[in-house]
Amino acid sequence: SRVLVLNGPNLGRLGVREPDVYGALSFPDLVAAADGWGRELGLEVEVRQTDDESALVGWLHEAVDARYDVVLNPAAFTHYSYALRDAAAQVTKAGLRLVEVHISNPYARETFRHTSVIGPVATGTIAGFGFESYHLALRALT
Ligand code: DQA
């Protein structure tokens, strides 16, 4: 089955951006890893990234219409985007699964990261395991 792996703002800067928090590997490295995990798990994985909230909302609508499960790292939108939350809710209300993922553990960081407006409408959340968070999320969908 097909899974969209969607990534929000600044995740295209992995490897350059705060490597102490997010690690030394780049976004292309994440895409390569996710492709490999997809093959291993028998999932057709498509990885995308955007800094644009409206693009993310549109991709979630696409997931609903095409009936794709979703792995979503909403990045900073996690903490305040009700538009993304409403789009994510449509995915799970449609009977599809949406796994919220984070590379870091937001609960071990600044207070503003302790709130996720996505979590309550997600199927589940995996955070704090580096790129492995995505692997665990894909496994959860098998
Ligand atoms: C993040 C955590 C968010 O708080 C942050 O804004 C990000 C990345 C993570 O993967 O750890 O951009 O979603």
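When you look at residue 9, is it in a loop (DSSP other than H, G, I, E, B) and at pLDDT 95 or above, yes or no? Yes, satisfied.
The test for being touching a residue at least 24 places away in the same chain (Cβ under 8 Å), among the basic types (Lys, Arg) and within 22 Å of residue 136 (Cβ to Cβ) does not hold for residue 67. When the stretch 93-114 is filtered for residues that are among the β-branched types (Val, Ile, Thr), more than 8 Å from the ligand (Cβ to nearest atom) and surrounded by 13 or more Cβ atoms within 10 Å (Cβ to Cβ), only 99 remains.
The values are calculated or read from the model by the stated rules, or taken from the named source; none is laboratory data. Being a predicted model, the structure only gives us computed values, none of them experimental. Glycine also receives a Cβ, built like all others from the backbone with ideal geometry; neighbour counts cover every protein chain displayed.
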